[in-house]
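Notes follow the structure.
The values are calculated or read from the model by the stated rules, or taken from the named source; none is laboratory data. Remember, it's a predicted structure, so these values are computed and weren't measured experimentally. No Cβ is skipped: glycine too gets one built from the backbone with ideal geometry, and neighbour counts run over all protein chains shown. For accessibility, only protein heavy atoms count, side chains too; no ligands or nucleic acids. Shrake-Rupley method; radii C 1.70, N 1.55, O 1.52, S 1.80 Å.
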Amino acid sequence: MDFRDLGDRRSIQRPSFELADLDENEFSFQGEFDGDELLVESGGFSHAKGEGTLARSLVRSVNLSESQLSPLELADVRFEDVDLSNASWQPVTMRRTEIIRSRTMGFRLFLESAKDVYIDGCRWDYSSIHIEGVKGALVFNDCMFREAVITGDLSNVMFRDCDLGGVEFEADKAANCDLTTSRVSDVARGLLGLRGARITAEQAGSAAILIAAEAGLTVSD
């Protein structure tokens, strides 16, 4: 059992699989599927339409752009260098799942449930992310969100070293949402609705005009 350290005495469990045990047999995201202990690193799945489950697997360097997967259940899965641009996955359940260095522009993601999910080095420009609930943590690390829309329950979501310029938040809840290491000064809308989220004093100062505008205040020199 491997854990990723998040600092502040927090950690999340990483996907649990042994690379040597993964099967390289042909697998498709088309139609109904039920995959376990797979290595998927060849083939194109652009525009695939399917539903099913994938567990204890590594998906690497494949094209899933414009795929439509609904519903989808992931457990102990790592996506690495995958093209997810303009895909639509909804609803999705993720447990111990990682998405690393992948193309996520225009990705429409509806997370029905997330537990110990880590997303690193992705560009979410023009994407929409809806989150129903998080257990453990959902971590976005070193990600960009230009003109993205993020909605739902953002409790236990961490944005680490992210550029949130242009993002629109529509949060129902945000308890323990951590923004302390990310850029929030150019958030397009929704900071006022992130009640319970954590920011630093410096961030509060730089975002004060945005928050005041959302509150209906007029700021004059």
Would you point out which residue out of F17, F3 is open to solvent by less than 60 Å² (accessible area, probe 1.4 Å) and aromatic (F, W, Y)? F17
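A quick yes/no check of all residues on (1) among the aliphatic types (A, V, I, L, M); (2) over 22 Å from V59 (Cα atoms); (3) touching a strand residue (DSSP E or B) at 6+ places or on another chain (Cβ under 6 Å):
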position	(1), (2), (3)
Q90	no, no, yes
T97	no, no, yes
R101	no, no, no
T104	no, no, no
A114	yes, no, yes
G121	no, no, no
V139	yes, no, yes
R146	no, yes, no
With the requirement that a residue be out of contact with any strand residue (DSSP E or B) (no Cβ under 7 Å at 6 or more places or on another chain) and hydroxyl-bearing (S, T, Y), what does segment 1-55 give you? S28, S42
Mind checking which residues of segment 31-48 are more than 16 Å from S61 (Cβ to Cβ), exposed (fewer than 14 other Cβ atoms within 10 Å of the Cβ) and either in contact with an Asp or Glu (Cβ under 7 Å, 6 or more places away or on another chain) or modelled with pLDDT under 95 (or both)? E32
All but one of (1) part of a loop (DSSP other than H, G, I, E, B); (2) open to solvent by 40 Å² or more (accessible area, probe 1.4 Å); (3) at positive phi hold for G136; state the number of the condition that does not hold. (1)
Using beta carbons and a limit of 6 Å, which pairs, at least six apart or on different chains, have the first residue in segment 166-183 and under 13 Å from N141 (Cβ atoms) and the second one part of a loop (DSSP other than H, G, I, E, B) and open to solvent by less than 20 Å² (accessible area, probe 1.4 Å)? S182/C162; S182/L164
Out of all the residues in segment 172-205, which are open to solvent by 70 Å² or more (accessible area, probe 1.4 Å), farther than 21 Å from R146 by Cβ and part of a loop (DSSP other than H, G, I, E, B)? N176, R195
Limited to segment 103-127, what total is found for residues that are closer than 18 Å to S67 by Cβ and either within 11 Å of the chain's Cα centre (by Cα) or not in a loop (DSSP other than H, G, I, E, B) (or both)? 13
